[in-house]
1. Looking only at region 40-95, which residues are at pLDDT below 80 and over 20 Å from Q21 (Cα atoms)?
2. Which strands (runs of 3 or more DSSP E) sit wholly inside region 8-54 and have at least 3 residues that are surrounded by fewer than 17 Cβ atoms within 10 Å (Cβ to Cβ) and of a type outside the set (A, V, I, L, M, F, W, C)?
Amino acid sequence: MRMFSGEVISIEILADVDEWQAMLDNAQAKEWIHADVIINGERFGAVGIRTKGNSSLMQGRGPSSNDRYSLQFKMNKYVKGQTYYGLDTFCVNNMMSDATYMKEYISYDIRTEADSPI
């Protein structure tokens, strides 16, 4: 699968500014918005995006917040059958509670080495 090739992944989100801001302002509602998403230079139209998490949603708001939420992407939310090379849903975590940004990467690497399905 292309997303798990071991290379750095680039994800660009092209959303209506007002919809994006409403999603951020009401993050705990976890409501879907639609946006075009460019993954490693390949554009996908009308992808569903929403905030995800529980404790991370609480950490993402406040005076020192930078609206750094975890996001869930649903490729087929608005376009039936649309996937990213077979992947219909994936998440991008904000890593707020991991100052090293490595815990998730290492856990996936260990599972791969152990030949365990993700």
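1. S55, M95
2. 42-52
The values are calculated or read from the model by the stated rules, or taken from the named source; none is laboratory data. Quantities reported herein were computed from a predicted structural model and do not represent experimental measurements. Every residue, glycine as well, gets a Cβ built from its backbone with ideal geometry; the counts of neighbours run over all protein chains shown.
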